[in-house]
1. In the neighborhood of B:D181, defined by Cβ-to-Cβ distances under 9 Å, what is the net charge if each Lys or Arg adds +1 and each Asp or Glu adds -1?
2. Peptide A:44-50: average number of partner chain Cβ atoms within 10 Å per residue?
3. Tell me, in nm to one decimal, what length is gained between B:V171 and B:D67 on full extension, where the rule is 0.36 nm per residue of separation less the Cα-Cα distance?
4. For the range B:9-88, what Kirkwood radius comes out of the mean inverse Cα-Cα distance, in Å?
5. Once R0 is set to 35 Å, what does the formula 1/(1 + (r/R0)^6) return for the Cβ-Cβ distance between A:E187 and B:Q189, expressed as a FRET efficiency to the nearest 0.05?
6. Over all residues in B:139-148, what is the mean tally of Cβ atoms on other chains that come within 10 Å of each residue's Cβ?
7. Need one value for A:161-169: mean number of C-beta atoms belonging to other chains within 10 Å of its residues' C-beta atoms.
8. Can you give me the distance in nm between label points at A:S180 and B:Q104, each placed 7 Å from the Cα along the Cα-to-Cβ direction?
Amino acid sequence: MDNKPPGDEVENIAMIRPTTAQDWSALLERVAEERDRSSFVQLFQHFAPRVKSYILRLGLVESTAEEIMQETMLSVWRKAHLYHRKKASASTWIFTLARNQSIDWMRKQKYPEYGLEEWHEEPDDSKDECADSVLTDRMIKAINTLPENQAQVIYMSFFEGRSHTDISDRLGVPLGSVKSRIRLASEKLKHMWRDDV
Amino acid sequence: MNVKHHLDEATLVSYAAGSMSQAMALVVACHIAMCPKCRERVKDSEAIGGMLLEGLQPAAIKGDALDSVLAALDNEPSVNAAIAPTEIHRDRAVDARSVPAPLQDYIGGSLDTVEWRTIVPGVYYHDLPCKSERGGVSRLLRIAPGKAMLPHSHDGNELTLILQGSFSDEVGRFTAGDIADLDGDIEHQPLVDSEVDCICLIATEAPLKFSTLLGKIVQPITGF
Ligand SMILES: [Zn+2]
């Protein structure tokens, strides 16, 4: 992945569009509670191609990406009982599974997880629960409003797997600037999808 | 545990993105395991990943991918639908001598059984086998009361998580659960001010800087 120019596909972020409304969280819960295969199939059809797309962006070859994608989707089935819709949207949860599978493969070492089981804290009822599609919609609007240099560091972190130092080297900007761009982007995103209810 | 020093926002994003070295990620995961506040915060950072995943252009997958995965499901043990989550001890983190879960993969459940190597009397270390492309380092440091590290600064990021005891530096006082999330802008001289040995988990991004640091770091200074 080193021959890819830094953040070259940053313009893709502007092309992100909300997908059709679907309550993925409810499907995940059905997989957990009823081991319902038809729900799983729907999740697979939506997420498998996106998960593979993510893994390819991390720089892994086609056959590996296919293999890790299938492993990720299997772990969706295996770990569905650990999923809580109040803690994360379905896409966020599946993203973390894909991230962990990819890193475990690349490093042949388990990505340090803070523990799925530790998510079993009391749900915070003060938070309003809204459908994935609404939330995703809101977040996509939020990221589309980021200045390009902030979207770029977010993109390089999530899709190119680059550390702060690596981004700093690639862009030729000081480490401190990379971190403050990430901070600004993150704070902005969090505020936008919180306040804009 | 009353955590006062938390992770930098940029560090949380890097962890959530999976773009951090193994060494750094281990320290972050340990702090998150000990800190309810950062556990909340990291979920927001991971939501950025969920949103990006959702917005990705779908890739072509093998025609038989779904069939292969469904076939694999048949081989899964047929457990009852809702598997009860493993009971966890809610007060685990309260025990000052407990080891946060992510670190247990490396050293087991107790700080008492760690094999220490001596740098100078009163200062010990134990290296953790964290792989990383850039060769980032993670190690446990155990420093006796009243000892200090030489003042140092760093060019890259450095994370220090207190597991036991406490130290103070120019930034403030750090006790169990606190994390010092620093980069090159800060020069500091941590001094152990607890009655017990201070044990911390440290990671840096670049090995060279760290070994240089360790080379000169730990000069015992007696008394306060
Ligand atoms: Zn914290």
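Throughout, read-outs are computed from the coordinates displayed, never taken from laboratory work. What you are looking at is a predicted structure, and each value in this text was computed from that prediction instead of being measured. Counting neighbours? That spans all protein chains shown, and the Cβs are built from the backbone with ideal geometry, glycine included.
1. Computed value for this residue: -3.
2. Average per residue, whole number: 5.
3. Result: 31.8 nm gained on full extension.
4. 16.0
5. Step by step, r from the Cβ atoms, then E = 0.70.
6. Partner Cβ neighbours, averaged per residue: 0.
7. Average neighbour count from other chains, rounded to a whole number: 6.
8. 4.2
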